[in-house]
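The values are calculated or read from the model by the stated rules, or taken from the named source; none is laboratory data. This one's a predicted model, so the numbers in the text were calculated from it and none came from an experiment. Neighbour counts run over all protein chains shown; Cβ positions are idealised from the backbone, glycine included.
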Amino acid sequence: MLFHPRPLSLQTLLKRGFTPTPKPINRFLLFLFHLHKFDLITHFFSQLKANNAPTNHKTLSLLTWALLKSHRFEEAEQFMYTHREITHSFMWDTLIQGICTKRHDPEKALTFLQRCVRDSGVLPSSLTFCAVVHGLSSKGLMGRAIEVLELMGDDGVNYPFDDFVCSSVISGFCRVGKPELGLGFFKNVTECGGLRPNVVTCTALVGALCKMGKVGEVCGLVQWMEREGLGLDVVLYSAWACGYVEERVLGEVFGRMREMVEKGIGHDFVSYTVLVDGFSKLGDVEKSFTFLAKMIKEGHRPNKVTYSAIMSAYCKKGKVEDAFGVFESMKDLGIELDEYVFVILIDGFGRRGDFDKVFGLFDEMEKSGISPSVVAYNAVMNGLCKHGRTSEADELSRNVAKDVITYSTLLHGYTEEENIPGILHTKRRLEEAGIAMDIVMCNVLIKALFMMGAFEDVYALYKGMAEMDLVPNSVTYCTMIDGYCKVGRIDGALEVFDEFRRTSISSHACYNSIINGLCKNGMAEMAIEALLELSHKGLELDIASTFPSFILKILIKEGRALDAYKLVTGTQDNLPVIYVDYAIVIDALCKGGYLNKALDLCAFVEEKGMSLNIVVYNSILNGLCHEGRLIEAFRLLDSLEKLNLVPSEITYATLIYALCREGFLLDAEHVFRKMVLKGFQPKVQVYNSLLDGISKFGQLEKAFELLNDMGTKYIEPDSLTVSAVINCYCQKGDMQGALEFYYKFKRKEISPDFFGFLYLIRGLCTKGRMEEARGVLREMLQSKHAVELINIVNKEVDTESISDFLATLCEQGRVHEAVTVLNEIARMLFPVQSIVPSSCTSGLNFGSCDDKDVRNITTNNDGHMRRSQLHGFDFYYSRIAALCAKGELQKANQSAKEMLSDLTECMN
DNA sequence: GTAGGGTTAG
């Protein structure tokens with residue numbers, strides 16, 4: 001070695017007779033330069049200076065390059081300034097690009113660039129400008145990036161915007177959430193400069209379109225690329241697929257990826273991560289794991305992004321433990337952790353309220369050398385706010401980084417807690433911090449002001465948005481409409497709604513809000529108008545499916561089943577009518593007696609490829625039975641099998657009730673046997689129905705067979721059972737038998753119902769067994785159930801109740817008259833079907849098989865039908881029944897009072 | 001040039 005590489009050797013060299021002329025010095029420096037010993041050069045240079053050794057331009061130039069190469073940019077710049085004579089513009093290029101890309105300080109690079117152009121009159125290369133644009137855009141510093149672009153456009157510079165610039169700027173605008181500006185920039189460039197974008201710029205454009213929710217427009221761009229012979233690549237396809245992930249159209253995500261592979265373009269780790277993320281976002285974590293496995297199998301190593309997609313999916317499903325498991329695995333696999341990974345978990349545990357875990361993770365993150373950004377703090381604060389601990393979040397926010405989201409979070413927390421002082425001081429802090437309001441903050445503030453009842457302020461804020469450069473979005477409109485509706489200010493809501501519909505925003509939620517508000521405020525007609533408008537707009541969005549239910553329920557409640565029918569059959573295919581909506585309309589049509597319409601609707605629904613379930617068909621079956629269309633009911637039962645529907649207990653029970661009611665006992669028994677064969681155990685109500693049918697024919701033997709059957713199956717008879725059998729005896733004229741049966745069950749503490757008593761008393765009277773009739777009447781008047789029923793008639797009418805009146809008649813031995821009164825009561829309380837059809841069926845749930853519902857059907861339908869056939873009706877009953885049905889109980893009572901006074905008059 | 005985290009309505 002000729003040269004000892006120790007810096008102190010200069011002294012030695014000089015002592016040894018080294019001639020200090022620039023030439024050997026430069027040779028020596030150049031030698032060091034080739035060895036990349038840049039630090040030695042600078043050190044050696046300082047020694048040369050100290051020893052007044054001679055240097056020339058080349059020496060200085062070498063020193064400058066050494067400073068640049070060792071990234072000592074500030075010193076280099078200083079030196080270049082003081083030694084302009086040796087400064088070549090390449091040096092400026094290296095300096096600025098170095099600061100930008102090596103130091104990652106594009107802002108400083110811009111400062112140097114500006115100084116260079118304006119002060120030194122040096123023009124760096126276009127590549128340098130591009131590098132600064134790229135550096136600034138990558139950091140989202142778009143304001144500064146624009147400064148560079150302006151500089152490039154200056155006279156005397158006039159550098160063109162190439163693909164590198166365009167792609168950087170477009171993606172930069174996307175990064176700061178302003179994709180439309182990126183697109184605008186691109187349009188300007190192509191219109192002015194005639195740039196023909198390459199695949200990289202096109203990919204940036206795809207990203208912008210996707211972020212603007214215009215994934216559909218990508219097709220056109222891709223077609224253009226294909227016409228131009230530009231090859232697509234995996235990056236472009238990944239960007240495109242991401243757009244569909246955003247829109248939650250997984251089919252298209254798949255479609256694009258398949259298309260890519262078919263074109264011979266292979267996946268990479270990003271494209272696989274897009275798929276993993278896509279499934280994770282849809283909540284199908286299992287499928288995500290399939291792709292994870294596939295990508296590993298193909299040799300693409302999943303990274304922290306891939307795993308964080310999975311963790312995020314677990315957290316969103318509430319499976320934070322599973323997310324934590326992924327986190328632990330990542331550590332085992334030696335995969336680098338970053339703030340994203342921690343924030344996902346901090347957010348997950350925070351939403352659950354597990355703050356030990358939250359703070360534990362926070363510590364672990366800091367110990368791992370990751371310094372928390374505002375995002376991490378916001379996640380912690382949001383957790384606290386969501387668990388009623390907004391004040392603690394507020395405390396925490398005092399000493400850490402804050403942004404507009406911090407304040408939105410706190411404000412929202414205080415709003416939820418209805419903490420008005422909290423809202424006010426947060427609002428003040430936001431203003432003092434000088435943070436510009438964004439649209440989310442504005443929406444949160446609107447909600448807060450509504451909560452405070454500050455409607456004037458709400459209006460002022462809403463109207464003042466334009467001045468703040470804020471454009472209301474669907475959430476704004478929704479919040480406003482909902483806020484006004486909730487306090488009954490429909491006018492305000494309608495004003496906002498009108499403004500909303502003048503925008504191009506397509507939001508079913510806004511329609512939802514106004515329709516809901518209109519319905520709640522009794523403005524059904526206008527609500528229907530809004531619904532139809534939505535329908536006619538042909539919203540291409542995937543609309544939440546419960547939408548028209550409001551209207552349908554209103555119409556049905558108002559008894560307008562036919563209007564509901566028109567609505568579900570007459571509107572366009574894209575109206576989000578769902579299965580449940582059809583089902584409730586069919587049910588309403590059945591209950592309203594529009595059986596044919598109900599059947600039409602069934603056919604309509606089936607034509608659409610939907611299949612109705614047995615609950616709906618039970619409703620139809622019940623309707624057919626009530627119209628006496630038993631043949632059709634039977635046909636329907638048969639065709640259920642063809643529709644792959646299994647008849648339920650309710651199906652059989654409904655048919656049995658109807659058959660018994662109509663007197664088709666043999667058919668009823670047939671269905672009964674079938675029901676048992678199918679494995680159903682008929683309940684007491686079904687037995688009662690059969691017994692009731694049997695009783696009309698006085699078939700005592702059959703009645704006893706059924707009673708025995710009940711006994712062997714441990715089915716307890718009830719008051720209706722007893723009444724039916726008593727009626728059966730009465731029909732046969734066997735009053736002795738009836739009486740004995742009555743006492744037998746009385747000992748078992750099972751008494752007949754009102755009608756059982758009435759049959760018995762009436763039968764005994766007919767036979768002249770007045771004392772026994774009187775005894776039973778006395779017992780009837782001691783039966784709580786019977787007395788309650790009797791007294792419905794004259795509640796609040798007279799000081800003396802009807803039961804007391806009957807008791808008086810009974811004690812006076814006026815049993816015939818008492819029976820007349822009882823007959824009238826019976827006719828009044830159970831008027832014929834035609835008057836109150838809905839009282840028979842409304843409120844029934846044919847889908848449920850529990851005891852309660854079966855009982856309802858029996859007591860309402862069967863009991864009612866049986867009695868109404870026994871009696872006729874007249875003016876009073878129909879009037880009273882109609883009033884009862886309308887819920888006008890006082891008027892009904894008045895009529896009852898009139899009727900009773902007439903009756904009493906007759907008897908006296 | 002492409003992928004993952006924190007705030008708003010219903």
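Residues that are in contact (Cβ under 8 Å) with a residue 12 or more places away in the chain and over 56 Å from the mean Cα position of the chain (by Cα) do occur in region A:123-146.
Applying a threshold of 6 Å to beta carbon distances and a minimum spacing of six or more residues, or different chains, the list of pairs starting in region A:370-382 at a residue that is within 12 Å of A:Ala401 (Cα to Cα) and ending at one that is part of a loop (DSSP other than H, G, I, E, B) and more than 7 Å from DNA strand B (Cβ to nearest atom) reads A:Val374/A:Ala401; A:Tyr377/A:Val400. Listed here are the helices (runs of 4 or more DSSP H) enclosed by region A:260-374 that have at least 3 residues being within 9 Å of DNA strand B (Cβ to nearest atom) and of a type in the set (A, V, I, L, M): A:269-281, A:304-316, A:339-352. Here the condition is being in contact with an Asp or Glu (Cβ under 9 Å, 6 or more places away or on another chain) and either among the hydroxyl-bearing types (Ser, Thr, Tyr) or surrounded by 18 or more Cβ atoms within 10 Å (Cβ to Cβ) (or both); of A:Ala66, A:Ala109, A:Ala53, it holds for A:Ala66 alone. In region A:163-191, the residues that are outside any helix (DSSP H, G or I) reach residues that are within 10 Å of DNA strand B (Cβ to nearest atom) with C-beta atoms within less than 8 angstrom, at least six apart or across chains, in these pairs: A:Gly177/A:Lys211.
What number of residues within region A:396-424 are closer than 26 Å to A:Cys478 by Cα, more than 12 Å from DNA strand B (Cβ to nearest atom) and not in a loop (DSSP other than H, G, I, E, B)?
Here is the first cut: in region A:396-424, the residues closer than 26 Å to A:Cys478 by Cα are A:403-424.
So of that shortlist, the ones also more than 12 Å from DNA strand B (Cβ to nearest atom) come out as A:417-424.
When the remaining residues are screened for being not in a loop (DSSP other than H, G, I, E, B), the result is A:420-424.
Matching residues across region A:396-424 total 5.
Here the condition is being modelled with pLDDT under 90 and hydrophobic (A, V, I, L, M, F, W, C); of A:Phe697, A:Phe741, A:Phe757, it holds for A:Phe697 alone.
Conditions tested, residue by residue: (1) within 60 Å of the chain's Cα centre (by Cα); (2) part of a helix (DSSP H, G or I); (3) not assigned by TED's automatic domain parsing to the domain that holds A:Gly153.
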| site | (1), (2), (3) |
| --- | --- |
| A:Ser46 | no, yes, yes |
| A:Glu75 | yes, yes, yes |
| A:Met80 | no, yes, yes |
| A:Thr111 | yes, yes, no |
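Could you count how many residues in region A:425-464 are of a type outside the set (S, T, N, Q) and within 12 Å of DNA strand B (Cβ to nearest atom)? Working first, answer last.
The initial filter retains those residues of region A:425-464 that are of a type outside the set (S, T, N, Q), namely A:425, A:427-442, A:444-464.
This time we only want the ones that are within 12 Å of DNA strand B (Cβ to nearest atom), so: A:430, A:435, A:437-442, A:444-448, A:450-451.
The total comes to 15.
Looking at A:Glu632, A:Glu669, can you tell me which residue is modelled with pLDDT of 85 or more, assigned to a helix (DSSP H, G or I) and more than 22 Å from A:Ala598 (Cα to Cα)? Give the steps one after another, and end with the answer.
On the way: A:Glu632 fails: more than 22 Å from A:Ala598 (Cα to Cα).
Answer to the check: A:Glu669.
Considered as a group, the residues in region A:205-238 that are under 16 Å from A:Val169 (Cβ atoms) and out of contact with any Leu (no Cβ under 8 Å at 6 or more places or on another chain) include one that is nearest to DNA strand B (Cβ to nearest atom), and that residue is A:Gly207. Across region A:153-160, not a single residue is classified as within 16 Å of DNA strand B (Cβ to nearest atom) and either crowded, with 17+ Cβ neighbours inside 10 Å or polar (S, T, N, Q) (or both).
Of all residues in region A:477-496, which are buried (at least 20 other Cβ atoms within 10 Å of the Cβ), more than 7 Å from DNA strand B (Cβ to nearest atom) and not small (Gly, Ala, Ser)? Don't jump to the end; show me each part of the working.
Step one: list which residues in region A:477-496 are buried (at least 20 other Cβ atoms within 10 Å of the Cβ), which gives A:477-485, A:490, A:493, A:496.
Retained after the next criterion (residues that are more than 7 Å from DNA strand B (Cβ to nearest atom)): A:477, A:480-481, A:483-485, A:490, A:493, A:496.
The answer is A:Tyr477, A:Met480, A:Ile481, A:Tyr484, A:Cys485, A:Ile490, A:Val496.
Within the group A:Met295, A:Met311, which residue is within 29 Å of the chain's Cα centre (by Cα), crowded, with 16+ Cβ neighbours inside 10 Å, touching a residue at least 24 places away in the same chain (Cβ under 8 Å) and not assigned by TED's automatic domain parsing to the domain that holds A:Arg258? Give the steps one after another, and end with the answer.
On the way: A:Met295 fails: within 29 Å of the chain's Cα centre (by Cα).
Checking each option against the conditions leaves just A:Met311.
On the stretch given as region A:672-685, residues that are assigned to a helix (DSSP H, G or I) and without any contact (Cβ under 8 Å) to a residue 40 or more places away in the chain total 7.
Look at (1) within 16 Å of DNA strand B (Cβ to nearest atom); (2) of a type outside the set (S, T, N, Q); (3) at pLDDT below 95; (4) surrounded by 15 or more Cβ atoms within 10 Å (Cβ to Cβ) and you find that A:Cys202 fails only one, number (3).
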